[in-house]
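Here is the structure we will look at, set down as structure tokens.
What follows is calculated from the coordinates using simple rules that are stated; it is not laboratory data. Remember, predicted model here, so these are calculated numbers, not experimental data. Note that we place each Cβ from the backbone using ideal geometry, even for glycine, and neighbour counts take in every protein chain shown.
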């Protein structure tokens, strides 16, 4: 079975590799997308990758995924801590959801400790750098394989 996976990245993640490299590393968003795509391709799955600094676009992509995608990997960026609307969209999606954060949000400022998205996520990966995306991708592959 060919699964369709949606990789969503929120605000400022287009600046990966340039923005605060001491926190987020030197890899770019293109590097992240290529790595996740390679994992999905290796297992015969398709990947669509999107990034936006606009909340409504992320919500629209989640809506489009309903009935069209088997899983979502999402790094909502700052919307993690603010967007009930994005949570509502994810709650209306029936596939697997894996939340990824490059830094450990629990070791950062107090306001970053709460994630609205975590309440919907099937798995949460924090503080593993961009490798967290690969971990989420491999977990999705495993979960989908177990479903047969």
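Say each of residue 41 and residue 126 gets a label point 7 Å from the Cα, pointing the same way as Cα to Cβ; how far apart are those two points in nm?
With each label point 7 Å from Cα toward Cβ, the separation is 3.3 nm.
Ranked highest first by average number of other Cβ atoms within 10 Å, how do 48-58, 21-31, 95-105 line up? Intermediate results must be reported in sequence, preceding the final value.
On the way: 48-58: 16.7, 21-31: 14.0, 95-105: 21.5.
So the order, starting with the most tightly packed, is 95-105, 48-58, 21-31.
Taking Cα pairs under 8 Å and at least six residues apart, what relative contact order does the stretch 4-147 come out at, in percent? If you can, show how the numbers build up before the last one.
Details: 253 pairs, mean separation 38.5, N = 144.
Reported relative contact order: 27 percent.
How far apart, in nm, are the 7 Å Cα→Cβ label points at residue 145 and residue 66?
Distance between the two pseudo-spin positions: 3.2 nm.
Using helices alone, I'd like the mean residue ellipticity at 222 nm for the chain: each DSSP H run of four-plus residues gives -39500 (n - 2.57), total over residue count, nearest 500.
Rounded to the nearest 500, it is -11000 deg cm²/dmol.
What's the extension gain from residue 54 to residue 111 if we count 0.36 nm per residue and subtract their Cα-Cα distance? Please report the intermediate quantities before stating the final value.
Details: separation 57, 0.36 × 57 = 20.52 nm, distance 2.03 nm.
So the extension gain works out to 18.5 nm.
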